[in-house]
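First comes the structure, then the notes that go with it.
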Amino acid sequence: MIHALALILACQLAGEILARLVALPVPGPVLGMALLFVLMLGLPRVAALIQPTGEAILRHLSLLFVPAGVGVVGHLHLLSSHGAGLALALIGSTVLALIAGAGAFVLVARLSGSVAKTEHPDA
């Protein structure tokens, strides 16, 4: 487990270094995750090493939300002054994400031939 955690953190560090070195607008941890993904695709042994540790982290993922909750409580004054805008942004982005996901699903289903196009009798 220590080796897997070290590899995960090393990929995150490499992503941080790359993001700062090249001044990319992508967060370093995202680049590190992409690097880890490529490593796991290319080397099945790495995937086998990471899998038990990743599953253990996912089982306890809810613990990672505690700091976010504390941050929200710590900045309630900002939430009260910008609450309506935040709520609108959250609802709007959720609706847009659902529409984009449904649209992508329909497009892929049509392109793959999984769903036949229906014709209306009056067309």
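The values are calculated or read from the model by the stated rules, or taken from the named source; none is laboratory data. Note that the structure is a prediction, hence the values are computed from the model and not measured. When we count neighbours, we look across all protein chains shown, and the Cβ atoms used for this are built from the backbone with ideal geometry, even at glycine.
Touching a residue at least 40 places away in the same chain (Cβ under 8 Å), out of contact with any helix residue (DSSP H, G or I) (no Cβ under 6 Å at 6 or more places or on another chain) and of a type outside the set (D, E), is that true of P67? No.
Condition check ((1) of a type outside the set (G, A, S); (2) surrounded by 11 or more Cβ atoms within 10 Å (Cβ to Cβ)) across all residues:
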residue: V46; (1), (2): yes, yes
residue: V70; (1), (2): yes, no
residue: L76; (1), (2): yes, no
residue: S80; (1), (2): no, no
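Checking region 90-108 against the condition returns no match, with no residue being part of a helix (DSSP H, G or I), outside the structural domain of A10 (by TED's automatic domain parsing) and either touching a Phe, Trp or Tyr at 6+ places or on another chain (Cβ under 9 Å) or under 30 Å from L5 (Cβ atoms) (or both).
Mind checking whether some residue in region 57-65 is surrounded by 10 or more Cβ atoms within 10 Å (Cβ to Cβ) and of a type outside the set (D, E)? Walk me through how you get there before you give the answer.
Step one: filter region 57-65 for residues surrounded by 10 or more Cβ atoms within 10 Å (Cβ to Cβ), giving 57.
Okay, now just the ones that are also of a type outside the set (D, E), so 57.
Scanning region 57-65 turns up at least one residue that is surrounded by 10 or more Cβ atoms within 10 Å (Cβ to Cβ) and of a type outside the set (D, E).
Just checking, how many residues over region 1-29 are touching a Gly at 6+ places or on another chain (Cβ under 6 Å) and not in a helix (DSSP H, G or I)? Qualifying residue count for the region: 0.
Residue count for region 30-44 satisfying the condition of being in contact with a Gly (Cβ under 8 Å, 6 or more places away or on another chain) and surrounded by fewer than 16 Cβ atoms within 10 Å (Cβ to Cβ): 3.
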